[in-house]
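S.K.: My structure is below; once you've seen it, I'll send some questions.
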Amino acid sequence: MLTCLLSFLSPSLSPSVLITLFTVVVVVLFLTTSRLVPVTEPLARGSIPCLPRLPFLGSLPWLGGGLPPHLLFTQMSHRYGPLFGLYLGPHYTVVINSHQHAREVLMQKGKDFAGRPSMVTTNLLTRGGKDIAFSDYTPLWKHHRRLVHNSFTLFGEGTTRLQDIVLSEVDSLCVELLSSEKQGFDPSSAVTRAVTNIICTLVFSATYRHGDAELQEVIQYNNGIVETIARGGLVDIYPWLKVFPNKSLSKLKKCITIRDQLLTRKLQEHKLSRSDGEPRDLLDALLKGQTGGQGQKSSEPKDDELTDDHVLMTAAETFGAGVETTSTTLLWILAYLLHHPEVQERVQKELDEHVGSERTVTISDRGQLPYLNSVINEGMRIRPVSPVLIPHTAMTNSRTFS
Ligand code: HEM
């Protein structure tokens, strides 16, 4: 749908608007989170309205109608209220449909609901939860997550590394977009390529030229993974279905194999070439974190130790989590700006007044650009890339929902 909407995009978006959008969205979104919350323990079941259910199928017969889940759930909330239960096959699930409840569950009671369900597709994707997004909440997960956050600070606060990487990529993107002059074109492949290139630089310090075969490979397997995971499927509700032929699961496995071959090669190269100095990228930082900065890690893995699988799955997840989200957000904002030239003009005016035309816009300008910030926030609000988020599971009995 997005590609259709954008296929007649003309180059009427000014480069400075594009540079700013790109810089702010990529940097800001390292911090973005929000969630949908299924709960496995049927606590307080009686007090939460629940959809009807049948044996084995649960509430699935009431979840048809062709609407995407977030619209379906919103529609159901008019009947059942902002908090309701349903059964995905045998799995009791609570849908949170109000800001107040979401805040309570994610922020005030975040620890109680910090688990993740085990699913066939995401287990394949993450070697059984060796990543951050789909892994359950454990002491090892906390250590792993802290390490990744620390690694990201390499590119964040106090350094302009991420910004420099983004700005350099934006230069190339602008040249490419402007080269089509007055003719209509679809910017989605150029934007996806630019975002992928940035993530490749962050993760393993590779910068690719347009048309590079390895970059194309990364884009292709990443697309395949996003398509199959986003489609979900009954196999995640009834795991025994995995013994039957399943085209989507086969495609997912194929893409994962290609991904793992490439990332394993990058990891081996990094092990051979890394030094004791500043990490060059995320892979270096994770390898350093594996040993606590002390030379070699022990040959016997301990329970609280990050294995090579953790390092690989974290690198892989940066692509899975970072490329589609950022590109889709940028493309929607571009589409809305094109359809609302008056908004585009106001963004340009704000940029002219606060930044001028003598230099590129930087992330430190953000505080001076409230209108642009609102445009980005509004883009993410009306076209959220992950409207039902990643499911959470309850870790414990919890008092909640006010
Ligand atoms: C527009 C851009 C983005 C959006 C809208 C977005 C959205 C989200 C959402 C909704 C979640 C799920 C939160 C939850 O259920 O707990 C999430 C988690 C995550 N995202 Fe993003 N994201 C974006 C960009 C990125 C980028 C660029 C990266 C990395 C380079 C990234 C890495 C992650 C990771 C590692 C998690 C798991 C975090 C955790 O469980 O603690 N995301 N993101």
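S.K.: State all residues of the stretch 319-353 that are within 10 Å of the ligand (Cβ to nearest atom) and out of contact with any helix residue (DSSP H, G or I) (no Cβ under 8 Å at 6 or more places or on another chain); if no residue qualifies, say none.
M.R.: Selection gives ALA321, THR325.
S.K.: Given the conditions (1) more than 15 Å from the ligand (Cβ to nearest atom); (2) closer than 16 Å to LEU330 by Cα, which single one is not true for THR196?
M.R.: The number of the failed condition is (1).
S.K.: Filter the stretch 129-141 down to residues that are surrounded by fewer than 20 Cβ atoms within 10 Å (Cβ to Cβ) and within 10 Å of the ligand (Cβ to nearest atom) and give me whichever is nearest to PHE204 (Cα to Cα).
M.R.: ALA133
Residue-wise test of (1) farther than 30 Å from TYR92 by Cα; (2) acidic (Asp, Glu); (3) surrounded by fewer than 13 Cβ atoms within 10 Å (Cβ to Cβ); (4) out of contact with any His (no Cβ under 9 Å at 6 or more places or on another chain).
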| site | (1), (2), (3), (4) |
| --- | --- |
| VAL347 | yes, no, no, yes |
| SER357 | yes, no, yes, yes |
| VAL361 | yes, no, no, no |
| VAL385 | no, no, no, yes |
| LEU389 | no, no, no, yes |
| HIS392 | no, no, no, yes |
| ARG399 | no, no, yes, yes |
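S.K.: Which residue, of LEU54, LEU67, LEU124, LEU86, is more than 22 Å from the chain's Cα centre (by Cα), surrounded by 15 or more Cβ atoms within 10 Å (Cβ to Cβ), closer than 22 Å to VAL235 by Cβ and modelled with pLDDT of 90 or more?
M.R.: After applying the criteria, what remains is LEU86.
S.K.: Kindly establish whether ASN377 is within 30 Å of ASP131 (Cα to Cα) and within 16 Å of the ligand (Cβ to nearest atom).
M.R.: Judged against the criteria, ASN377 is a match.
S.K.: Follow-up question, since we're still on this one. Which one of the conditions (1) away from the ligand (no atom under 14 Å from the Cβ); (2) assigned to a helix (DSSP H, G or I) does GLU358 fail to meet, given that it meets all the rest?
M.R.: Every condition holds for GLU358 apart from (2).
S.K.: How many residues does the stretch 365-380 contain that are exposed (fewer than 15 other Cβ atoms within 10 Å of the Cβ) and within 24 Å of the chain's Cα centre (by Cα)?
M.R.: 3
S.K.: Has the stretch 110-118 got any residue that is surrounded by fewer than 17 Cβ atoms within 10 Å (Cβ to Cβ) and either more than 16 Å from the ligand (Cβ to nearest atom) or among the acidic types (Asp, Glu) (or both)?
M.R.: No: the stretch 110-118 contains no residue that is surrounded by fewer than 17 Cβ atoms within 10 Å (Cβ to Cβ) and either more than 16 Å from the ligand (Cβ to nearest atom) or among the acidic types (Asp, Glu) (or both).
S.K.: Now for a different question. Condition check: part of a helix (DSSP H, G or I), at pLDDT below 95, within 20 Å of the chain's Cα centre (by Cα) and under 18 Å from ASN150 (Cβ atoms). Does ALA321 satisfy that?
M.R.: yes
S.K.: Of the conditions (1) surrounded by fewer than 17 Cβ atoms within 10 Å (Cβ to Cβ); (2) within 13 Å of the ligand (Cβ to nearest atom), SER179 fails just one. Which one is it?
M.R.: It is condition (2) that SER179 fails.
S.K.: Of the residues that make up the stretch 152-164, is at least one assigned to a helix (DSSP H, G or I), surrounded by 19 or more Cβ atoms within 10 Å (Cβ to Cβ) and in contact with a Pro (Cβ under 8 Å, 6 or more places away or on another chain)?
M.R.: no
The values are calculated or read from the model by the stated rules, or taken from the named source; none is laboratory data. What you see is a predicted model, and the numbers here were worked out from it, not measured in a lab. Because the Cβ atoms are built from the backbone with ideal geometry, glycine has one as well, and the counts that use them run over all protein chains shown.
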